[in-house]
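Worksheet: one structure, shown below.
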Amino acid sequence: MVEHLPALQVVLPLVAAPLIVLARSPRFAWLATTAVSYACLVIAALLATRVATLGAFSYALGSWAPPWGIEYRVDALSAFVLVAVALTASFVAPYARRSIAAELDADRQYLMYAMYCLCLAGLLGITVTGDAFNLFVFLEISSLASYVLIALGRRRQALVAAFQYMLMGTVGATFYVIGVGLLYLVTGTLNLADLAERLRGVEDLRPVLAALAFITVGIGLKLALFPLHQWLPNAYAYAPSMATAFLAATATKVSVYVLLRFYFTVFDPAALFDRLPTRETFLALSVAAMILASLVAVFEREVKRLFAWSSVAQIGYITLGIGLENHAGLTGSIAHLLNHGVTKGAIFLLLGGVALRSGAASISVGSLAGLGRRMPLTAFGLVIAGLSLIGVPGTAGFVTKWFLILGAIEREAWWVVGAILASSLIAVAYVWRLVEAAYLRAGQGTRREAPAGMLAAGLAMAGLCVYFGFFTSINVAGASDAASFLLRGAR
Amino acid sequence: MSAVAAHFSYWVTLFLMIAGLYILIARGNLMKKLIGLGVFQTSVYLLYIAPGKLVGGTAPIVAAGFTTYSNPLPHVLILTAIVVGVATLALGLAITVRIREAYGTIEEDEILERDRTGER
């Protein structure tokens, strides 16, 4: 049974989606979604434990031996990302019932659940597969589902945002396929481990370099690497609350995982980082994202879009570790996949509650006035998650920044240390705008918290921000294992 | 000249790739953008299929009298990619229909203008 778990966790949500569409009942849809999300979390936890004790293992799909058949491979890095995705899913799914009921017409609700399940299947599939083309298929399963999730937003701008995201996302995926095609022409294989072996010694061939460029830009579009992030702010701002929370916490993170996988286990890191300006490129783009996107967030009026810009900046932190290319830096990056996931997840879940109670289609910073009185628990949760976004000691965000700064010092890249501190200060500015509105400005309205299920999910995630700040046995230990695995090279 | 002739399929692929991407970026009409996207994706099908064909090669079925076989794997991969492309195009067209219902236009600049002014 245990050996079939890698396949099972992709199959479960994949099968749930058509069942939900057939049943058409919002209640069944919610139950199935929640059950699947929790099952995936259990499976991810079991896989992670097995990897931690017995090491990486592989699953031959349909018993076709790799490299001919498709291989599912669970190692320290993929197990960590699986847990991060499944953990978010297990908070978003129980939250979804009230949130979706409030934001969508009754006859469309089941579609939202079905799309969510497909998106989850795609994200878990990307993480677990060891085959470059299979990865593309899962990438598109999750992306197509997320375009629909965004298009289901209440305002008409959601349609335009989804369309723009679809264009850029599809170009990104097609670039990725071009890159994989070139690698296939050079090596004759699509299995990632096999690719790594056959690419040794031919890294400087022009098709391989072209493949590297296509894959970098393609996945860069998907993960919103600065300056390929234009689709992100609108997509997050106009999507339904539950979709924003889920996508912000998982979709871009899984794309970062793909980039890490290609950079450190497929291409030869020595060739990549020593003969090409990879390090400089990633440091420059990451720092630009951290500073510029944070500055935009300071001047943004709408709260969801403010945090969407903050996401672009936070993705900068994640890619910064690639540029630092040492153990501490990568640990920070990988830990931030989870740390930022719970932080942004908490913020968008709580904001969904605020939107539900205010009844408005968009929440401006000004309309948060008096939130500390109207919705004290929600406001408190937002402050906690905001502190984690800034990186105050005792929160998950601090853990990330600590390791990134260690990595930057190790590289003697003092300007990067300065940039991390500057970006944190700018984060103080935009989080303070919310705190100021919520607690220091008088607002109208009586005290009324978000529905219990939604509030509990949001607060639990905010609690995780603090938990991961103090008890680092999951995020840092897992990320550290994954970083060691990546720096050891392939396999 | 011979370089062009010998790599004819690559030149066609490249032309379609760049033309598709150009239409996608340069045109403001959502339908034309989707056409560009379709051309761009199709060029990738060629990129995979063309190198899989050997002159004189047959389908990879062992039989007396045949020794040269074409690689079947690119065809299988591209069948999958075509399905993904069809799904993307279908979704793109569906969203375009909804945009047309919500805005009354599918021109990008008019849509942005109507969002700015709040006009229906």
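Computed from the coordinates by the stated procedures, all read-outs in this text should not be read as laboratory data. If you're wondering where the values come from, they're calculated on a predicted model, not measured in any experiment. Note that each Cβ is placed from the backbone with ideal geometry, even for glycine, and that neighbours are counted across all protein chains shown.
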Task: Rounded to 10°, Cα long-axis angle of helix A:376-390 versus longest principal axis of chain A - done: 30 degrees
Task: Full-stretch length increase - A:Trp68, A:Ala106 - with 0.36 nm per residue and alpha-carbon distance subtracted - done: 9.1 nm
- [ ] Give the Rg/Rh ratio for segment B:2-117, taking Rg as the radius of gyration of the Cα atoms and Rh as the Kirkwood radius, to two decimals.
- [x] 1.18
Task: Percent antiparallel among DSSP beta bridges (both partners in the protein assembly as shown, rounded to 5) - done: 90 percent
Task: Convex hull volume per residue for segment A:277-491, taking Cα atoms only, in Å³ - done: 114 Å³
Open item on the list: As an exercise, identify the trypsin sites (Lys or Arg not before Pro) in segment A:279-377 lying in DSSP coil whose Cβ has no more than 16 other Cβ atoms within 10 Å.
Closed with: A:Arg301
Open item on the list: Sorting check: for A:154-162, A:399-407, which peptide has the highest mean count of neighbouring beta carbons within 10 Å, and how do the rest follow?
Closed with: A:399-407, A:154-162
Task: Dmax and Rg, reported as Rg then Dmax, of the protein assembly as shown (C-alpha, Å) - done: 23.8, 89
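Could you size up the charge dipole of segment A:277-491 around its Cα centre, putting +1 on the beta carbon of Lys and Arg and -1 on that of Asp and Glu, and report it in debye to the nearest 20?
On the way: 16 positive and 9 negative charges, 138 e Å.
Dipole magnitude for segment A:277-491 comes out near 660 debye.
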- [ ] Rounded to the nearest 0.05, what FRET efficiency do A:Leu185 and A:Ala360 give with R0 = 60 Å and r taken as the Cβ-Cβ distance? Could you check?
- [x] 0.65
Open item on the list: Residue by residue through B:84-91, how many Cβ atoms from other chains fall within 10 Å of the Cβ on average?
Closed with: 5
TODO: For segment A:331-342, take each phi angle, set θ = phi - 60°, evaluate the Karplus expression 6.51 cos²θ - 1.76 cosθ + 1.60, and give the result in whole Hz per residue in order, putting x for glycine and proline.
DONE: 4, x, 4, 5, 4, 5, 4, 7, 4, 5, x, 6
Task: A:Leu46 paired with A:Ile291, simple spin-label distance in nm, labels 7 Å along Cα-to-beta-carbon - done: 5.0 nm
Task: Furthest towards positive pole of dipole, A:Thr331, A:Ala93, B:Met31, structure part the protein assembly as shown, Cβ charges - done: A:Ala93
TODO: Compute the long axis of helix B:8-26 from its Cα atoms, compare it with the longest principal axis of the Cα atoms of chain B, and write down the angle in degrees, 0 to 90, nearest 10.
DONE: 10 degrees
- [ ] Evaluate the distance, in nm, between pseudo-label points positioned 7 Å from the Cα of A:Trp414 and of A:Phe470 along their respective Cα→Cβ axes.
- [x] 3.7 nm
TODO: With an 8 Å cut-off on Cα pairs and a minimum separation of 6 or more residues, tell me the relative contact order of chain A in percent.
DONE: 16 percent
Open item on the list: Just to verify a number: FRET efficiency for B:Ile49 and B:Leu93, C-beta to C-beta distance, R0 = 30 Å, to 0.05?
Closed with: 0.75
Task: Principal-axis tilt of helix A:109-128 within chain A, Cα atoms, nearest 10 degrees - done: 30 degrees
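Given a cut-off of 29 Å, name the pairs among A:Lys222/A:Lys344; A:Lys344/B:Lys32; A:Lys304/B:Lys32; A:Lys344/B:Lys33; A:Lys222/A:Lys401 whose C-alpha atoms lie farther apart than that in the structure shown.
Working: A:Lys222/A:Lys344 18 Å; A:Lys344/B:Lys32 36 Å; A:Lys304/B:Lys32 31 Å; A:Lys344/B:Lys33 33 Å; A:Lys222/A:Lys401 24 Å.
Those over the limit are A:Lys344/B:Lys32; A:Lys304/B:Lys32; A:Lys344/B:Lys33.
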Task: Rough spin-label spacing in nm, given labels placed 7 Å along Cα→Cβ, for A:Phe299 and A:Leu440 - done: 2.1 nm
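Peptide A:159-172: average number of partner chain Cβ atoms within 10 Å per residue?
Going residue by residue through A:159-172 and averaging, the value is 6.
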